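Take a look at the structure set out below.
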């Protein structure tokens, strides 16, 4: 990633130098680009030329809730059973996860990413959660029965906020989308894992909490053991 | 009780719960990608996005009316202003400007300076003809239909396609008269 960034920087410098030659250094580069656009019919937006932003912009929670509800409803029309629906939501989340990893490594970590198991888990639990859901996840625990299992739990997962699952849909959990995000982040960082979302009843609470169960693949644990 | 004073978009937005715009941007991107994979044709994707927007719009209008205290608009001009200044602000945290009115006052442009849906987005060649933000057209159309206005909403300028702004054309087709007395459910 660092190499790629360096290359882009060079390319940009070259492009700017060429432009300076053509227009003289007096006009702001941005303006020039607009002027160049005048003669041409269409110039497609280039996402790399825009600044990344600090990620502080906000929209209303309900705008997200409406959108998420459409995502779920649409996917319901494309499947025959709950498992398939969860898989499709997970797929959608996976794409988000890959992008979030890249974005946050660049913005928060100075283009470095975690290479150790606990490091990446705490990155998901704190950095990713905070950026996407505005808070650190309620808890991060190691599974008691299996060495390769970890759990991130949330009392009220943002995506489940306005969702009640009908009785006939059994254990379906829209958190599958978030599980997909986690899977995307982990996979992208080189920690392949099976990730799933489950409801866990909490004593004295009307609503169950959601637990994201992470089961790392064998190679990850072997590597971790080697690294000591 | 006297009717409550209408609230500005800023005031409503300041009081609603908010989330990071990037969550919405990326989730919306995931939806569009899924549609593109499922349907392959951009035309069909445009249609689906519009339909999703419509589904959102017919529900969103309730929240809009409840939170903004906006009452009946005197004419379509006011309606467009309210959408641009209160509607957009309240949900997406941005405002639009209204312009390009036709002579009858039934067609205008909504121009978005800022659009949280398109961060990080670049359309590949294969997606030409895709109205990436078509969901917004559906939202406006759906919401207005619930307040007795049949409209047509379409994109005319899109920065993702190389234009210099995001511009929606909003056209009032028909003002559906309300039926009175209202029928109870039989």
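The values are calculated or read from the model by the stated rules, or taken from the named source; none is laboratory data. Bear in mind the structure is a predicted one, so any value in this text is a computation, not a measurement. All Cβ positions, even for glycine, are placed from backbone atoms using ideal geometry, and neighbour counts span all protein chains on display.
Within segment B:136-148, restricting attention to residues that are surrounded by fewer than 19 Cβ atoms within 10 Å (Cβ to Cβ) and touching a strand residue (DSSP E or B) at 6+ places or on another chain (Cβ under 8 Å), the residue that is farthest from the other protein chains (Cβ to nearest Cβ) is B:148.
Scoring residue B:83 on the criteria (1) assigned to a helix (DSSP H, G or I); (2) within 14 Å of chain A (Cβ to nearest Cβ) leaves a single failure, condition (2). Within segment B:111-135, restricting attention to residues that are in a loop (DSSP other than H, G, I, E, B) and surrounded by fewer than 13 Cβ atoms within 10 Å (Cβ to Cβ), which residue is modelled with the lowest pLDDT? That would be B:113.
Got a number for residues in segment A:195-225 being within 16 Å of residue A:153 (Cα to Cα) and either surrounded by 14 or more Cβ atoms within 10 Å (Cβ to Cβ) or touching a residue at least 40 places away in the same chain (Cβ under 8 Å) (or both)? Selection size over segment A:195-225: 17.
Looking at segment A:58-167, the strands (runs of 3 or more DSSP E) lying wholly inside it that each contain 3 or more residues that are outside the structural domain of residue A:217 (by TED's automatic domain parsing) sit at A:58-60. Would you point out which residue out of B:81, B:107 is touching a strand residue (DSSP E or B) at 6+ places or on another chain (Cβ under 7 Å), farther than 20 Å from residue B:27 by Cα and free of Cβ contacts under 8 Å to residues at least 24 places away in the same chain? So the residue among B:81, B:107 that is touching a strand residue (DSSP E or B) at 6+ places or on another chain (Cβ under 7 Å), farther than 20 Å from residue B:27 by Cα and free of Cβ contacts under 8 Å to residues at least 24 places away in the same chain is B:81. Residue B:10 fulfils the conditions (1) over 18 Å from the mean Cα position of the chain (by Cα); (2) surrounded by fewer than 21 Cβ atoms within 10 Å (Cβ to Cβ) except for a single criterion, (1). Residues in segment B:13-58 that are surrounded by fewer than 18 Cβ atoms within 10 Å (Cβ to Cβ), closer than 19 Å to residue A:75 by Cα and within 11 Å of chain A (Cβ to nearest Cβ): B:33, B:37, B:38, B:39, B:51. Considering each residue of segment A:48-55 in turn, at least one proves to be at the interface with another protein chain (Cβ under 8 Å from one of its Cβ atoms) and closer than 14 Å to residue B:20 by Cα.
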